[in-house]
Amino acid sequence: MLRSIIQSRIFILSKQHSFSSLGAGQDLLADVLQDGGRPKTILEGYSSTGFEVGNETIFEGSVLALPYSKFIYKPRKPAEVTVDSLKCFTVVNPSIEMVFFGSDVEFEQEKREEVRKWGRESGVKVEFMGVGNASATFNILNGEDRRIGACLLTSSSS
């Protein structure tokens, strides 16, 4: 039950908290997640049908995230991920050094090897994990100005 509650809506970074005796709290990451007025991508939450990505923007379906941009991604299951669909990670400047693949459906071994081969040939490190962990890791490393990306898949087929 706890897992379903956590998966139904995870807030990785919240904008403001209310503390009963302290009043409104401050977003301590606001300065870190801004770069000369250009907001960094913040993965705020997800459900089985999509993602909340910064400024309360809801993306229905899977998402490709880069440090300063995000895109709707057609594949929804690990089996649908292709090398061609990952090319955006290799054409951005500055180049991406690591991509986190987040899915609550396990990547089959053959698909993992295909993606790892793409990573080796492209000079991109690849990590597979659950959606919540991939989102949180992306946010932390993006706050540290690392050159990272995320491929986050929904678990819904609709």
Checklist entry - Amide H to amide H under 5 Å from Phe128: which residues, 5+ apart in sequence or cross-chain, H placed 1.01 Å off N in plane? => result Phe101
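Determine one quarter of the surface area of the Cα convex hull of the range 56-151, which equals its mean projected area, and express it in nm² to one decimal.
5.8 nm²
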Item to check | the range 51-119 - percent relative contact order, Cα under 8 Å, separation 6 or more | outcome: 23 percent
Checklist entry - Setting aside same-chain residues fewer than 8 positions from Lys125, which lysines have a Cα under 28 Å from its Cα? => result Lys40, Lys70, Lys74, Lys77, Lys87, Lys111, Lys117
Checklist outcome for this item: If amide H atoms are modeled at 1.01 Å from N in the peptide plane, then the residues at a separation of 5 or more from Arg147, or on another chain, having amide H under 5 Å from its own are Glu97
Next on the checklist: I want the local charge near Val126. Using Cβ-Cβ distances under 9 Å, sum +1 for each Lys or Arg and -1 for each Asp or Glu among the other residues.
Outcome noted: +3
Checklist entry - With Cβ to Cβ distances under 12 Å as the rule, what net charge do the other residues near Ile96 carry (K, R +1; D, E -1)? => result +3
Checklist entry - If amide H atoms are built 1.01 Å from N in the plane of the peptide, which residues on other chains or at least 5 residues away come under 5 Å of the amide H of Ser62? => result Tyr73, Thr154
Item to check | Cut-off 13 Å between beta-carbons: net charge of the residues surrounding Ser62, Lys and Arg +1, Asp and Glu -1 | outcome: +1
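None of the figures in this text is laboratory data; all of them are computed from the coordinates on show. Note that the structure is a prediction, hence the values are computed from the model and not measured. For neighbour counting, all protein chains shown are included, and Cβ atoms are generated from backbone atoms with ideal geometry for every residue, glycine included.
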